[in-house]
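Step one of this worksheet: look at the structure below.
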Amino acid sequence: MTDQTITSVSRESRVFKPSAEFKAQANLGSEAAYKRLYAESVNSPARFWGRQAKDFLTWRKPFSQTLQWKTPHAKWFTGGMLNAAENCLDRHLGTARENKAAIIFEGEPGDIRTLTYKQLHREVCKFANVLESLGLRKGERAAIYMPMVPEAAVAMLACARLGVVHTVIFGGFSSEAIKDRINDCNAKLVITADGGWRRGKIVELKESVDRALSSSPSVEHVVVLKRTGNTVAMQEGRDLWWHELMAAAPAVHKAKPLPSEHPLFILYTSGSTGKPKGVLHTTAGYLLGATMTTHYVFDVKETDIYWCTADIGWITGHSYVVYGPLSAGATVLMYEGAPNQPAPDRFWEIIDRHGVTIFYTAPTAIRSFMRWGDEYLAKHSLASLRLLGSVGEPINPEAWMWYHKMVGKKRCPIVDTWWQTETGAIMVTPLPGVTPTKPGSCARPFFGVVPKILDENGKEVRRGEGGKLFLTQPWPSMLRTLWGDDSRFKKQYWSEVPGLYFAGDGARFDKDGYLWVVGRIDDVLNVSGHRIGTAEVESALVSHPAVAEAAAVGRPDELKGQALVCFVTLKGNQTASDELKDQLRAHVAKEIGAIARPDALRFAAALPKTRSGKIMRRILKEIAAGGDVKGDITTLEDFNVVASLQSEE
Ligand code: WTA
């Protein structure tokens, strides 16, 4: 977020009330109802959540206790048994939903496919049988590295049906990143595709998997979906074609009843230190969070065509492309490719073609649309839209207003939803039939969420003042631990102020109690809505033989929110050159994925450090932003370093 944006955010005073028309049809349409439910959710959480879990989920065996809380470990709905896939599929069968579209898919080349709930159920049952025939058992891990095609959802739900824990790896990650994730959770199976379409080109997924697997001994089989038709190497005995397995698989499969706390998935995300962390979500609490927020925040109705543009490789794709909307019985639109393929109006074309009613995307995408020009919207009516959402980073008021006017035609409420991989579901958001919205603010807490903003000493700040954002009450969809590293889980989230969940974000409440999230205040960057750990980028850089030391920082960027700037010192025998610069940027992309390719890389004779040897990132941030170095630099070891860095570019 730029300084200019922060200023404009703190000056923002416009308020937009939900229309009477929207209110009248909303799943929750009155302030009094929100207040009553919210008060109950924080004052009598066991009663509140117990009732929601019964209302929103279908149980094989009722739970006996709503919450066991021994900070920071939560167990929700213990004694209960259920299955997430059964909640997303089977329970809609035999009802009017059975033959409605569960997924409407549009591929980047223009191929369109619809799967009704009944058809999706059939595919998932078959694939669950495939997984069983490959020897996958409850509790074992399977990695999914796929394009945005319905089979990705089929794979996730088939795992859930068996209690196999899935870990979806974003298709843009490199083979190094795949290898790290597979090895961290000892995945037994990888589900992938020959490739996926992106900007008219094939992203060769199978090839990346092959490279990863040369050092991933836990993997026994790879199932390969044929999507793009490019030639792939199939390793005898290890690699199997999706379509061949499916042709032979029975279509009947009974979902396994699983305990509420059975692990549903691991999703790796960047943290402030070391390698990505495996955030673990479990069955009942996660599904309740995803389902309930889909109902209240997206106001989903039987007739909606709901489109969340996130890739299933991110938490937004898990909760709001797959689990939330399918559990709620919605029709989900799924699009495979880039927003500007073949032209910058592809999204608007899709909205009109399929009659999308609810549209959920990221500020970085909105800013790209703004830049591409209003003429691309003018060609389309967008009349079907009734609700818009935003997620992933703070939305600047300018982008919010553009979204409101140009996409929502001033008619659609905007829900700016704050949440994280770790929270599993939306935590702070307007409710579209209730909450007046302010451009740039994610408004008020969802049920059961109690955010607090604390200063350096753990003291609550006054309204209007900024500080660190904490959540003070356990919630059902919270992460349970980090896979294989409970001590890191405790340290990372629960030790900043003992007993409270530290979100890693800076924020403030305004006079009306609205939350304004400023962005990450730990060493995590948010580049185009993607979380990138500076430590990961730095370790990728120093793994290159030419590099002695590296520091990665964020620079405000109009389009991406933050851009990634790296400072590098070279080993004694190396010479700086543009060629080496390009090599190092490519090296980071190879180690992590193209999303982490540095926007800028600068060679430095030395990095600014404290006397105890810690890199002073604050100074580098100021240098990267092109401003003067302000603030205290008395702890700096060598003052000349700053001067020489500033003179370099
Ligand atoms: C940021 C994505 C401001 C925030 C769901 C958070 C936001 C991180 C918003 C989590 C929002 C997400 N307003 N900032 N509406 N939504 N963020 O884990 O910094 O990929 O900590 O989850 O994104 O990113 P993650």
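The values are calculated or read from the model by the stated rules, or taken from the named source; none is laboratory data. Given the structure is predicted, the values throughout are model-derived calculations rather than measurements. Counting neighbours? That spans all protein chains shown, and the Cβs are built from the backbone with ideal geometry, glycine included.
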- Quick one: which residue in Gly440, Gly519 is assigned to a strand (DSSP E or B), within 12 Å of the ligand (Cβ to nearest atom) and in contact (Cβ under 8 Å) with a residue 12 or more places away in the chain? Gly519
- Of the candidates Gly324, Gly329, the one satisfying the condition of being more than 11 Å from the ligand (Cβ to nearest atom), modelled with pLDDT of 95 or more, touching a helix residue (DSSP H, G or I) at 6+ places or on another chain (Cβ under 9 Å) and at positive phi is Gly329
- Message: Within the stretch 391-407, does at least one residue satisfy the condition of being in contact (Cβ under 8 Å) with a residue 24 or more places away in the chain, of a type in the set (Asp, Glu) and touching a helix residue (DSSP H, G or I) at 6+ places or on another chain (Cβ under 6 Å)?
- Response: yes
- Message: Is it the case, given these coordinates, that Ile366 is without any contact (Cβ under 8 Å) to a residue 60 or more places away in the chain, within 16 Å of the ligand (Cβ to nearest atom) and buried (at least 22 other Cβ atoms within 10 Å of the Cβ)?
- Response: no
- Taking the stretch 529-552 as the search range and keeping residues that are more than 16 Å from the ligand (Cβ to nearest atom) and in a strand (DSSP E or B), which one is surrounded by the most Cβ atoms within 10 Å (Cβ to Cβ)? Ala552
- Message: Within the stretch 303-319, take every residue that is of a type in the set (A, V, I, L, M) and buried (at least 23 other Cβ atoms within 10 Å of the Cβ) and give me the one that is farthest from the ligand (Cβ to nearest atom).
- Response: Ile312
- Query: Quick check: anything in the stretch 567-587 assigned to a strand (DSSP E or B), within 16 Å of the ligand (Cβ to nearest atom) and aliphatic (A, V, I, L, M)?
  - Reply: no
- Message: Consider the stretch 351-386. How many of its residues are over 17 Å from Val300 (Cα atoms) and outside any loop (DSSP other than H, G, I, E, B)?
- Response: 16
- Matching residues, the stretch 287-319, being hydroxyl-bearing (Ser, Thr, Tyr) and either over 21 Å from Thr269 (Cβ atoms) or in contact with a helix residue (DSSP H, G or I) (Cβ under 7 Å, 6 or more places away or on another chain) (or both): Thr291, Thr293, Thr294, Tyr296, Thr303, Tyr306, Thr309, Ser319
- Query: Is there a residue being surrounded by fewer than 22 Cβ atoms within 10 Å (Cβ to Cβ), within 15 Å of the ligand (Cβ to nearest atom) and assigned to a loop (DSSP other than H, G, I, E, B) anywhere in the stretch 387-406?
  - Reply: no
- Query: Can we say Pro445 is within 14 Å of the ligand (Cβ to nearest atom) and out of contact with any Leu (no Cβ under 7 Å at 6 or more places or on another chain)?
  - Reply: yes
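Yes/no matrix, rows are residues, columns are (1) farther than 20 Å from Asp522 by Cβ; (2) within 12 Å of the ligand (Cβ to nearest atom); (3) in a loop (DSSP other than H, G, I, E, B):
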site: Glu422; (1), (2), (3): no, yes, no
site: Leu431; (1), (2), (3): yes, no, yes
site: Ile453; (1), (2), (3): no, no, no
site: Glu456; (1), (2), (3): no, no, yes
site: Arg463; (1), (2), (3): yes, no, yes
site: Leu469; (1), (2), (3): no, yes, no
- Message: Name the residue that is modelled with the lowest pLDDT, counting only residues in the stretch 613-636 that are closer than 20 Å to Ser539 by Cα and loosely packed, with under 14 Cβ neighbours inside 10 Å.
- Response: Gly613
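So that you can scan it fast, the table gives a plain yes or no per residue for (1) out of contact with any strand residue (DSSP E or B) (no Cβ under 8 Å at 6 or more places or on another chain); (2) over 22 Å from Leu479 (Cβ atoms):
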{"position": "Pro72", "(1), (2)": "no, no"}
{"position": "Arg91", "(1), (2)": "yes, yes"}
{"position": "Arg97", "(1), (2)": "yes, yes"}
{"position": "Ile104", "(1), (2)": "no, yes"}
{"position": "Thr116", "(1), (2)": "no, yes"}
{"position": "Gln119", "(1), (2)": "no, yes"}
{"position": "Ser133", "(1), (2)": "yes, yes"}
{"position": "Lys138", "(1), (2)": "no, no"}
{"position": "Ala158", "(1), (2)": "yes, yes"}
- Item | Contacts under 8 angstrom Cβ, first residue in the stretch 470-497 being at negative phi and among the small types (Gly, Ala, Ser), partner part of a loop (DSSP other than H, G, I, E, B) and modelled with pLDDT of 95 or more, 6 or more apart | Ser477/Gly424; Ser477/Ala425
- Query: If you check Ala24 against the conditions, is it part of a loop (DSSP other than H, G, I, E, B) and either touching a helix residue (DSSP H, G or I) at 6+ places or on another chain (Cβ under 6 Å) or more than 24 Å from Gly440 (Cα to Cα) (or both)?
  - Reply: no
- Task: Within the stretch 93-138, track down each residue that is crowded, with 19+ Cβ neighbours inside 10 Å and under 15 Å from Lys254 (Cα atoms).
- Result: Leu120, His121, Glu123, Val124, Cys125, Lys126, Phe127, Ala128, Asn129, Val130, Leu131
